[in-house]
Structure formats: C-alpha cells, structure tokens
Amino acid sequence: MSSSPHDSHVYFKGGVHPKEEKALASSRPVKDAPLLESYNVILHQHIGAPPKLLVKKGDSVKKGQMLAEAGGFVSSPIHSPTSGTVKALGECPGPMGAVMASALIDSDGEDSWGSQLEPIENWTSVAPEELKKRVSKAGVVGMGGAAFPCHVKLSPPPDKKIDTLILNGAECEPFLTADHRLMLENPEKVCEGAAIIATILGVDNICIGVEANKPEAVETLKEHASRFGIKVMSLRVKYPQGAEKQLIFAASGRKVPAGALPMDVGCVVQNVGTATAVAEAVKEGKPLLERVVTVTGNPVKEPGNWKLRLGTPAAKALELAGGVKYPPAKVIFGGPMMGFAQKTLQVTVMKNTSGILLLGDDEVSQFESMPCIRCGRCVDVCPMNLLPGTLSVMVESEEFGLAENYNVMDCMECGSCAFVCPSFRPLVQHFRRAKAEINAKRRKVKK
Amino acid sequence: MGSALLAVGLMAGVGLVLGCIIGGAAKIFFVKTDPRIEEVTEMLPGANCGACGRAGCSEFAKAIVNGETTPDGCPVCSMEAVARIATFLGVEAGSGQKKVAVVLCGGDHSKAAQGIRYNGVNDCVSASLVAGGPKECPYGCLGLASCARACPFDAIEIINGLAYVHNDLCVGCGKCVDVCPRNLIKLVPADTRAHIYCSSPDKGGVKRKYCEVSCIGCRKCFKAAEEGQIEMDGFLAKVNYDNSPGTEIVGKAACPTGCLHTPEAHMKERNKKENAA
C-alpha cells in the first residue's frame, strides 16, 4: 500500500478494509474491443422514466444515432453503439435479474458515424444552458454505479446554492481498476470534463478525490488539474470512501443529513468516468456509447481493462480476456462489495457497468447464515451510523415500518456490515428487501 | 370517630356527584348501535383475515347489516354459515362463488432447472432481488414459501421447490396473491376443472430449455377447447376462468408437456413427490 500523505483530515466513521486485489488489472492499459457482430442494447439504462423508442425492427442505424429518446426530465436517451440494422426489438436479461426491453443491433462492419451532435470545440464561449442540453442529449448518466441521469444533477432547484463540485475517483471497490486507468490515461479529459460540469453549475471550487492507493493517478491528475484550477485530493484508503456522502465529508468536511441530497450541502458529486463522458459529448459530439470496463478476477486468464460498447454480452467480454483458467463460481457485474451476481453470461454491458468480476469457488462464501449474536461489529463499521444487526432482525420478522423508523432507507448497501458479520448473515439482502417493500408502500400511498 | 365519619361522608358525596356526571354523560352522549352487528360478528369466523376487503370481521358485519354487501362476501364462511346470517338478517345470501388460489407453475426442482446456487435469505421476495431468483425460469415458482407463510389457514405447502394449494383448506382470502413476487397465484372459481400450470410468456424453445413442464404454446388445448374457454396470450395458453373447460379437455388436448392438468392430477403428482421424499 502507498504511504502518500492524505489530503483530508476528516473521514467517515466505520468502514472496512477488504483485500484490494487491484493488482490483477491495474497495470493493464485500456484496450479497444474489436467490433462485434451484434450488440444487445438494453433501452432503460438509467434511474428514472423509461426512454421512448425511436426505431423499429429492420431500420438501419448509424453509430451514435439515437435509438430511444428521454421519456421525461429524469430520463436519458440511448444511442446505437455501431452502424447496422435493428434486427429485433426484444428482451434481454438485465444485470439486476429482471428481463428488460432491448434492441438487438446487427453490425454492418463499417462502424460508420452518424451522430446528430456537433462537436463544440471552444466550449468556454457557449452558454452553460447549451452545454447542459448537450450532456442530456448525449445520454450521459452517472457511471459510478447508480446511473442517475447526469443533467438532472446539474439542474439543482434555484433555492439550492451549489458551491463545490467533487469528482469521484476513489474507486474503493476491490478488483476494479476502470477509473484508475481512465485517470492515468486520460487525465486531460477527466479534468476538462470537470471544468465543463463546473461551468454548467457555475462553481469555482472543484476537487477530485482519489484513494491513496493510486499515487500515480494522483500525480498524473495533478499535472493537468492546475490548468483548470482543480484540487486533487489523495484520500485515505478505506471502503466505502467512494460513497457519495462519505466522499463529500472527506473532501469538504460537510455532513449530508439523513434523507438529504448532496445539493442540500452545496455539493454535486460526479464520477470521473462521467466527467470523461461529458468531455467527449461536448468536445467530440460523441454520445455515451462505450465505457471502460474491468474484466477481472482470479479465474480470468488475462484480466484487464477494455473499452466496451453498450450491449456487449459478458461472454464476449470474457473472450477478450482470454477466457477462464477454471470455472468460476460467481460472475458479478460491478465490484465484489456492491456488484450484482449474474445468472447468465448473456447479460450485456450497460452505462453503469464498471467491471465484470469472476470469483472462484474458494473465494465465494457458502456459509450457513446464523442468528445475530449482537456482537455489534456491524454497528462499528456502518458508515451511515445504522444498526444493521437490529435492522436485520426487524426485516426477518417483516416489521418494515419499524425498520423505516430505524432509517433503513439510509442504507446504501455498501456491504460493510455483511463483510464483518461473524454469523454470516445476509444483511444487505435483508435491507434491499426492506427498501423494496418500503418503496412499494410509499408508491402506493402516493397513488 | 368524627373524622372517620367525615371521611366516609366525603367519599360518599364525591361518589354521588361523579356518579351523576357519568350517568348524565351516558345519556347525553349515547350512541345507538345496532345489536345485530354484534350478533353477526359472532356468526362470522373471527379470523379477521381481511379477505372480504374490510378491516376485520366486525367491520364486515357492520357492512352486511347496513346492506352495503351480502353475507357471501366472506370467503371463509361455509355455505351454511352464510345462510344462517342471511336468515338472521332476512337478506339475500348472494350467489357468491367460492374461490380458491392456484399457483400457476408446475416446475419443481426435478422439472425446472436451477440457474444458480443460492444460499441467501429463505424468502421469495428477497431471493428475487438476487439475479432475479435462483430458478432459471424468470417467471416460475421460487419455492421459498413466502406464500405459505402468508397463508393464515395453512393451505399452501412447498414440496420439492413448488408451492401447492390445498383446495379444501384454501378459503380464497388472497393473501398469497399479494406476496408472490412473481404474480403466479390467481384466485379462481373453486369448481375449475383444468389449469395450465405455467406462466412464462417466453417462446416455446426458450421455455423447453429451462423447464420440462412448461406451456410451449402449441395451441393443442386452444384448438381442443370450445371457443373462449382457453385463450392464447402470445406463446402462453391461458384458461379463461369465467368460462373454463371441463375435465375432458385434459384428454382431448393431450398436452405434450403435461402442463394442462386437473387440480386433482396436479395434487397427485405432489403426493408422489412427497412419498418419494
């Protein structure tokens, strides 16, 4: 681990130190993936209203052409990853388990460009409103994991004064190195993207938070950051340092109250990948149709980082990495702490897929869950100051109202509690269920 | 002696005054209740299950007495109990049809593939949050007994990863219908003679891969049945429960995968499994 000094004096309470395992892929430069014969693009890749389909079966499309437009304000369009024909409008298994509507694009091999977005070379001379429109048109969403439409975060209500933009380059999830490579290889894009976002928000105070286990990334960013007046912060290595509220605390010393949003304390947080996508959308007129994905794990023959287009099946991504050494016991989209276990390799890359992780039999715990012994370790590590053990017992007895009173909705599912639980309790699964039930109830009440 | 008398007298006086106030209040604030409501409540099962759509048995009794509903609105009551209430009140019993729940899936562990090794929370709702559930079929019964736990009458049991409804115990309260994350449970008329035990809208070929007893959409039953009895919804045949076919449809249709069954045959299959286990 690096001994580089930390640039912050305040850190969140709790947290854990899982084995990092980043060395598997961190030294592998991002490679372009060869063109596939077909891409199965899931249409609803963001949080919010589903997009409205613009193409029909048999249509020929160009690379970058809009397949579906935003279906509301909190929504985002989807663009074709290559040129070809829409072979089918069907369904595709999504990373969360549900079957989702998708467009199967058959590639014509030419990969000819057909984006309707004009590059804006000199963006400083363009109105911020125009830049925001571009971000929204290019389908940029939060690429750290939540896939929240980017332009919504850039449109705070007038009574919320934003003064700080924080870029999230913490990448605290074990195994993942996509953001790390991005910051090393494209620091100028990351910084310029940050500057564009700051222009849209009208803020001067920009900082990039990077965990101290990526000292080269910090150095490289620092070389470019001064040009845009960006502060690069090296943060203490502790999971989940990259969680939004925890990062805001480390970077600005502000605490986001329970149930509140970063904008309530004057902050906006964007992932470094999102900043890159913003830079590309504005300067190159390129909609979000590919992203850096870490394909890693001990069973993988040649772990590494690839620029994969949306709609690339996990099986194809694995082929790029040379296949597997031995059969994996678990395939995860995302990191080992917060990622989603997959049932099939037909699941395709989405805008928020930061990694495809394979775990071997010896790495997957198969312990029987036991009753809570009230040791309180989960309470010690919970970065949101919740009582995970108590909450899990409430959920087990289906007392969702009680769990709501104990702020289960603040749980961000970081998995720290389950990581330390000596009784191997599936705590996060309990909380996910509780959150789903409470959300369902709230929707019912609203109706 | 004098002080003791004073105490007794004082207490008697206070008691008299308070008694007058309470007596007066009882007269002034008297709420007239229908004594029949209490009697009808007595006649109802008292399970407070809510299947009638009201907060409990006494609320339902109030509704019957006020003529807002008929006694047959209680699905738990036997026909005799309904008739008793009807004669007591001198109202129509109503021609309510007894309904029972049916789980429209036939793929237990031996018939439907398990996609992943799952050792999380033993609950269908929680399991469906992990990659959509352990079963390869994204629509089939997860067999983790959320419905059985929700049933106040112990009418559902899980054998070999599949939920079965005991028609003699099921009262049609519909609690299981609400908890099933896959919406497999339907309330149907108790006299339905045949069900299609499959709910997957996938194409036949896809379904065959993950389940031996799925409806492959061959339309045999659709053709064998009289018009309107069985409907095709894409690749899935569905029994029209307002006009369901008789037992003979099972023989006539000769369902190639055997997902068209009578409820009895379905339970027989279950008994076989139970004996084997």
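Remarks
Listed here are the residues, each with its yes/no results for (1) in contact with a Leu (Cβ under 7 Å, 6 or more places away or on another chain); (2) surrounded by 12 or more Cβ atoms within 10 Å (Cβ to Cβ); (3) farther than 30 Å from B:Ile159 by Cβ.
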{"site": "B:Ser3", "(1), (2), (3)": "no, no, yes"}
{"site": "B:Met11", "(1), (2), (3)": "no, no, yes"}
{"site": "B:Leu16", "(1), (2), (3)": "no, no, yes"}
{"site": "B:Ile37", "(1), (2), (3)": "no, yes, yes"}
{"site": "B:Ala51", "(1), (2), (3)": "no, yes, no"}
{"site": "B:Arg54", "(1), (2), (3)": "no, yes, yes"}
{"site": "B:Lys62", "(1), (2), (3)": "no, yes, yes"}
{"site": "B:Glu68", "(1), (2), (3)": "no, no, yes"}
{"site": "B:Gly115", "(1), (2), (3)": "no, yes, no"}
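- With respect to (1) closer than 22 Å to A:Thr294 by Cα; (2) open to solvent by 70 Å² or more (accessible area, probe 1.4 Å); (3) not aromatic (Phe, Trp, Tyr), the lone exception for A:Arg377 is condition (1).
- Candidate set from the range A:349-387 (those that are under 24 Å from the mean Cα position of the chain (by Cα) and not in a loop (DSSP other than H, G, I, E, B)); member that is nearest to the other protein chains (Cβ to nearest Cβ): A:Leu359
- Residues being of a type in the set (Gly, Ala, Ser) and either surrounded by 22 or more Cβ atoms within 10 Å (Cβ to Cβ) or not in a loop (DSSP other than H, G, I, E, B) (or both) - total across the range A:258-298: 6
- Picking from residues in the range A:299-348 that are within 14 Å of chain B (Cβ to nearest Cβ) and of a type in the set (S, T, N, Q), the one that is least open to solvent (accessible area, probe 1.4 Å) is A:Gln342.
- Hits in the range B:70-87 (condition: loosely packed, with under 15 Cβ neighbours inside 10 Å, more than 20 Å from B:Lys175 (Cα to Cα) and not aliphatic (A, V, I, L, M)): B:Glu80, B:Thr87
- Just one of the listed residues (A:Met100, A:Met96) is within 12 Å of chain B (Cβ to nearest Cβ), in contact (Cβ under 8 Å) with a residue 60 or more places away in the chain and not acidic (Asp, Glu), namely A:Met96.
- Elements of type strands (runs of 3 or more DSSP E) contained in the range B:176-277, each with 3 or more residues being surrounded by fewer than 15 Cβ atoms within 10 Å (Cβ to Cβ) and not β-branched (Val, Ile, Thr): B:230-233
- Of the residues making up the range A:40-88, those that are in a strand (DSSP E or B) and either among the hydrophobic types (A, V, I, L, M, F, W, C) or more than 19 Å from A:Val140 (Cβ to Cβ) (or both) number 15.
- Close pairs from the range A:394-420: first under 23 Å from B:Ala150 (Cα atoms), partner open to solvent by 70 Å² or more (accessible area, probe 1.4 Å) and part of a helix (DSSP H, G or I), Cβ under 8 Å, at least 6 apart: A:Met394/A:Leu402; A:Phe400/A:Lys441
- Taken over the range A:215-232, residues that are part of a helix (DSSP H, G or I) and more than 23 Å from the chain's Cα centre (by Cα) amount to 7.
- Candidate set from the range A:428-438 (those that are more than 22 Å from the chain's Cα centre (by Cα) and more than 7 Å from chain B (Cβ to nearest Cβ)); member that is nearest to A:Val393 (Cα to Cα): A:Ala434
- Subset of the range A:234-257 (residues that are small (Gly, Ala, Ser), within 21 Å of A:Asp204 (Cα to Cα) and either open to solvent by less than 20 Å² (accessible area, probe 1.4 Å) or in contact with a strand residue (DSSP E or B) (Cβ under 8 Å, 6 or more places away or on another chain) (or both)): A:Ser234, A:Ala250, A:Ala251, A:Ser252
- Some residue of the range B:101-118 being within 14 Å of chain A (Cβ to nearest Cβ) and among the polar types (S, T, N, Q): yes
- When A:Val445, A:Val420 are checked against the criterion of being under 16 Å from A:Ser369 (Cα atoms) and more than 21 Å from the chain's Cα centre (by Cα), a single residue qualifies: A:Val420.
The values are calculated or read from the model by the stated rules, or taken from the named source; none is laboratory data. Not measured: the values here are computed from a predicted model. FYI the Cβ positions are ideal-geometry reconstructions off the backbone, even for glycines, and counts take in every protein chain you see. Ligands, DNA and RNA are excluded from the accessible area calculation, which covers all protein heavy atoms including side chains. Shrake-Rupley method; radii C 1.70, N 1.55, O 1.52, S 1.80 Å.
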